Amino acid sequence: MPPLLEVRNLKTHFFTRDGVVKAVDDVSFTIDKGETLGVVGESGSGKSITALSILRLIPTPPGKIVSGEIFFEGRDLLKLSDKEIRKIRGKEIAMIFQDPMTSLNPVLTIGRQLAEPLTTHLGLTNEQARKESEDLLKMVGIPNVADRLKSYPHHFSGGMRQRVMIAMALACRPKLIIADEPTTALDVTIQAQILELLNKLRLETGTAVMLITHALGVVAGMANRIHVMYGGHVMESATTEELFANPRLPYTMGLLKSIPRLDESRHDKLQPIKGSPPDLLEIGNSCPFVPRCDYAMDVCTKSFPTIRVVPTENTLGIYIPGKPGNQMVEVSEGEDYEQHLLACHAEVKMGDPATVDAGEIVA
Ligand SMILES: Nc1ncnc2c1ncn2[C@@H]1O[C@H](COP(=O)(O)OP(=O)(O)O)[C@@H](O)[C@H]1O
Ligand code: SF4
Ligand SMILES: [Mg+2]
């Protein structure tokens, strides 16, 4: 079955006075019908700009989608007219943002705001829209719905507002919901409730979810597959199980070490990744993680590494063929250095010696 969404070689850049900020640089991925794709990365890695590019909501200027294709059910969204893309937004693809207060209109009742997409996109009458709004609020677990429809956003708590946002996103039964840090502003208990709700509704409605977060812990129980983003690139991509059991990229390993794990002893200290996210003006062709990577080599500064994609049964990593000076490296399970080589510089079959361009270690 063809994917629901296919993003190919997307580049979204910002043309600023200081230079070109390559916020999203050659990003490709797919989302299947009904699946949850987790997109994870530190702040500034290009997650939101990727999401906004899909819906063509990039502020222009200074932003511009400079190249790429975004197929949604076979149609390239980048080629649609403004009118056509407006029909897709909210109806076919809905978005939930981190802070509901920025998306809810403070001077309109929740009822008005919920009814709006129903009358505009689905052509319901006002009475039908009111009834449907009540059902939607019930669906996201809001009590006293008739009263609540007459309330204004500031009458709701943060968690309740996020529930309303989910109700609005579901209003037109979209095929894809893009949830951009939907729980970041909420406290931990409410976070868990909202994620549980999102997952339950996904299963009930069959909608696909692109779940964006800076916290790997958030996607762990939710996503089928995870993309790890950094410096405008997808750095690693794997099934959730594979990513947690077998991270290949030094950056992913760093992210994993920086989250609390219930399955590890309390003596293991959390380790934040040293350094700070890259200045996107200075990356050039280098791997953006070079200044922070313990395993960086010469080759990492010259070209962006080939990244791991979802592995096959026999293949753990990626191979850069035909490079002069290749060396044979024995692969032993569970050792960071070899794991890194697998991810960035070589394809290795389980238990085989690998051929890699080891180059010179620069960090
Ligand atoms: N309006 C803008 N002008 C210039 N650069 C921008 C603008 N919006 C975003 N960027 C750049 O894009 C990068 C990625 O942003 P974003 O996708 O919002 O990151 P995040 O992963 O935190 O969602 C930022 O680090 C920033 O450098
Ligand atoms: S080893 Fe090189 S390519 Fe791999 S993450 Fe480190 S700097 Fe990037
Ligand atoms: Mg963001």
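What follows draws every value from the coordinates through simple rules; no lab data is involved. If you're wondering where the values come from, they're calculated on a predicted model, not measured in any experiment. Cβ placement follows ideal geometry from the backbone for every residue including glycine, while neighbour counts extend to all protein chains displayed.
Close amide H pairs (under 5 Å, H built 1.01 Å from N) link Tyr230 with Met235, residues at least 5 positions away or on another chain.
Ranked by the mean number of other Cβ atoms within 10 Å per residue, highest first, peptides 166-178, 25-37 order as 166-178, 25-37.
Here the spin labels are modelled as points 7 Å beyond Cα on the Cα-Cβ line, and at Thr239 and Ser43 they lie 3.5 nm apart.
Of the cross-linked pairs Lys64/Lys91; Lys22/Lys200; Lys79/Lys138; Lys79/Lys200, those separated by over 31 Å at the C-alpha level are Lys22/Lys200; Lys79/Lys138; Lys79/Lys200.
The Cα center of the stretch 205-236 and the Cα center of the stretch 60-84 differ in position by 22 Å. Once both labels are positioned 7 Å from their Cα atoms along Cα-to-Cβ, the gap between Leu108 and Glu73 label points is 2.4 nm.
Counting only Cβ charges, +1 for Lys and Arg and -1 for Asp and Glu, the dipole size of the stretch 39-86 around its Cα centre is about 140 debye. Note on Gln193 and Leu57: the model spin-label points, each 7 Å out from Cα along the C-beta direction, lie 2.5 nm apart. Computed from backbone phi with θ = phi - 60° and the Karplus coefficients 6.51, -1.76 and 1.60, the 3J(HN,Hα) list for the stretch 137-145 is 5, 4, 4, 9, x, 9, x, 6, 4 Hz; x is used for glycine and proline.
Across the stretch 280-294, coupling constants 3J(HN,Hα) worked out from phi with the 6.51/-1.76/1.60 Karplus curve, θ = phi - 60°, read 5, 6, 10, 6, x, 8, 6, 5, x, 8, 3, x, 10, 9, 5 Hz, and Gly and Pro carry x.
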